[in-house]
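The values are calculated or read from the model by the stated rules, or taken from the named source; none is laboratory data. Treat the numbers as computed from the prediction; the structure is a model and nothing was measured. Glycine also receives a Cβ, built like all others from the backbone with ideal geometry; neighbour counts cover every protein chain displayed.
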Amino acid sequence: MAYMSDVQTWAIIGVFTTIMLGGMTAMTTLITRATTSAISGLEGRLGGRIDALDARIGSVEGSLGGRIDALDATVAGLRGEMNARFDTVNQKIEHLDRDVTTLMRRPWDQHNEN
């Protein structure tokens with residue numbers, strides 16, 4: 001059986017250590033590159049989805065804006081109609097007040113003459 005000298009033993013330890021460190025460096029580099037490319041791809045996909053979502057929200061905002069404007073116009077029309085009806089009722093009450101005053105004046109005047 002052949003024995004190795006101390007120099008040969010240390011040389012083998014150095015070679016083994018170099019191979020192990022080189023392998024770990026290569027694996028770390030490969031894992032980092034794979035992770036970076038995966039994150040970049042995911043970032044692109046998410047960016048596209050966010051842009052699509054922004055477009056959808058914009059269309060919903062436009063649709064709601066139009067509906068709200070139409071609702072405002074309807075409320076304004078109803079407000080005008082209600083004001084017109086209130087004015088009509090106020091005129092009828094004023095005429096009724098005038099008629100009641102006229103009707104009450106006759107008996108009151110007759111009562112004061114007696």
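This table checks each residue for (1) over 52 Å from the mean Cα position of the chain (by Cα); (2) at pLDDT below 90.
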{"residue": "4", "(1), (2)": "yes, yes"}
{"residue": "7", "(1), (2)": "yes, no"}
{"residue": "10", "(1), (2)": "yes, no"}
{"residue": "14", "(1), (2)": "yes, no"}
{"residue": "18", "(1), (2)": "yes, no"}
{"residue": "28", "(1), (2)": "no, no"}
{"residue": "34", "(1), (2)": "no, no"}
{"residue": "51", "(1), (2)": "no, no"}
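Right, residue 102: at pLDDT below 95, surrounded by fewer than 10 Cβ atoms within 10 Å (Cβ to Cβ) and either part of a helix (DSSP H, G or I) or among the charged types (D, E, K, R) (or both) or not?
Working: at pLDDT below 95: yes; surrounded by fewer than 10 Cβ atoms within 10 Å (Cβ to Cβ): yes; either part of a helix (DSSP H, G or I) or among the charged types (D, E, K, R) (or both): yes.
Against the criterion (at pLDDT below 95, surrounded by fewer than 10 Cβ atoms within 10 Å (Cβ to Cβ) and either part of a helix (DSSP H, G or I) or among the charged types (D, E, K, R) (or both)), residue 102 qualifies.
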